[in-house]
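Report on one structure; see the data block that follows.
A short reminder: the numbers here are calculations on the coordinates, not readings from a lab. Please read these numbers as outputs of a predicted model, since none were measured by experiment. Glycine also receives a Cβ, built like all others from the backbone with ideal geometry; neighbour counts cover every protein chain displayed.
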Amino acid sequence: MESIGWPELLVIGIVFIVLFGANKIPEAAKGLGEAIRNFKSAVKSGSEAVQNEAAEVQKEIEKV
């Protein structure tokens with residue numbers, strides 16, 4: 001499968017403008033940015049939780 005090139009991105013952008021209007025684009029971009037920020041935060045907290053659990057397991061193993 002090939003990656004998306006500039007012509008495809010241009011077509012997607014034009015369709016987006018036609019469907020939602022130029023005034024909605026900043027709102028949509030803001031919502032997308034917030035969603036990405038929340039996703040990264042969730043992944044980071046999940047990763048930290050896994051690391052903490054792994055450290056606790058390692059301590060328990062060292063005790064034995």
Problem - Only one of 2, 62 that is in a helix (DSSP H, G or I) and free of Cβ contacts under 8 Å to residues at least 24 places away in the same chain - result: 62
Practice task
Name every residue in region 2-44 that is within 14 Å of the chain's Cα centre (by Cα) and either surrounded by fewer than 10 Cβ atoms within 10 Å (Cβ to Cβ) or among the basic types (Lys, Arg) (or both), in order of residue number.
Solution key: 30, 37, 40, 44
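Is it fair to say residue 53 is surrounded by 10 or more Cβ atoms within 10 Å (Cβ to Cβ) and over 23 Å from the mean Cα position of the chain (by Cα)? Break it down stepwise before answering.
Numbers: surrounded by 10 or more Cβ atoms within 10 Å (Cβ to Cβ): yes; over 23 Å from the mean Cα position of the chain (by Cα): yes.
Yes: the conditions hold for residue 53.
With respect to residue 47, is the statement that it is of a type in the set (Ser, Thr, Tyr) and assigned to a helix (DSSP H, G or I) true?
On the way: of a type in the set (Ser, Thr, Tyr): yes; assigned to a helix (DSSP H, G or I): yes.
So residue 47 passes the test.
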